[in-house]
Amino acid sequence: MSDYITNSKNRKLKTKISLFLSRVNIWAGKLPISGRVIILMECILFSSLFFPWITLKYLDGTIQEHFAFSQFSLYIGYGIIFSIFTIPFFLLSHTKKEKIRAMVPFRLSDTQAIVFIVSILISSMITLVIASNLYGEQIAALGSNLAIGFKIAFSSIICILISAYYLSKTTKTINTELCYIDHQTDNEIDKYQGILKGDDERNAKNMSLPI
């Protein structure tokens, strides 16, 4: 009986995961090319967490490799995890995103939020570059190097920043076209205002008494 309950829970969990992934796939398919590139770069950015970020070389020949969650990497991995969940949320979410925006006293566009998060990551990257030089002078006698994880993450973040620029241009073009269509609709309605008004006047005259 316990095995049946466990298998049932596993099937429900797999069903929920598959439904969620299918929805994400549908939402991502509606994004412009720049938005899809951002999602792809987020996946590559996540993969950088599995590679070493910084290596320290000591006099006895030992080499220490530290990942993104190490103190030598300034715990930047936690910031990357935050961005991996937050950036797709701004790109793919609709109703929940608007509910959160209604709670804050200011309003940021999706692109502005992405650029803000990426700017923080870039600042952390630059700080890590400076810190690695200090490690080579004070901790590791034979120096320190920024490893492949840092390079993958830095390249992904730069690509996200460039894609955000093109996403902003695409969004601006779409909003401009929508405003133009709304303006054209208003003009079409204005053309018929006189006709509608004349009908109202004729109806009012027909309803008036002859005395």
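Among 132-143, 95-106, 38-49, sorting by the average number of other beta carbon atoms lying within 10 angstrom of each residue, highest first, gives 38-49, 132-143, 95-106. What is the distance in Å between the Cα centroid of region 43-57 and that of region 62-135? Measuring centre to centre over Cα atoms gives 15 Å.
Residues with beta-carbon under 13 Å from that of Lys57, excluding Lys57: net charge, scoring Lys, Arg +1 and Asp, Glu -1? Working shown, then result.
Details: positive: none; negative: Asp60, Glu65, Glu137.
Once positives and negatives cancel, what remains is -3.
If you take the C-alpha gyration tensor of region 75-131, multiply each eigenvalue by 5 and take the square root, what semi-axes do you get, largest first, in whole Å? Don't skip to the end; give the middle numbers.
Values: eigenvalues 130, 27, 16 Å².
Ellipsoid semi-axes (Å, largest first): 26, 12, 9.
Once you list every other residue whose beta carbon is under 13 Å from the beta carbon of Glu98, what net charge do they have if Lys and Arg are +1 and Asp and Glu are -1? Don't skip to the end; give the middle numbers.
Details: positive: Lys96, Lys97, Lys99, Arg101, Arg107; negative: Asp110.
The answer is +4.
Rounded to the nearest whole Hz, the Karplus-based 3J(HN,Hα) values (6.51 cos²θ - 1.76 cosθ + 1.60, θ = phi - 60°) of region 66-79 follow the sequence 10, 8, 5, 9, 8, 5, 6, 9, 6, 6, 5, x, 5, x, with x at glycine and proline. By the Stokes-Einstein formula, at 0.692 mPa s and 37 °C, region 35-194 with its Kirkwood radius over alpha-carbon pairs has D equal to 179 µm²/s.
Every number in this text was worked out from the coordinates using simple rules, so none of it is lab data. Computed from a predicted model, the values in this text were never measured in an experiment. For neighbour counting, all protein chains shown are included, and Cβ atoms are generated from backbone atoms with ideal geometry for every residue, glycine included.
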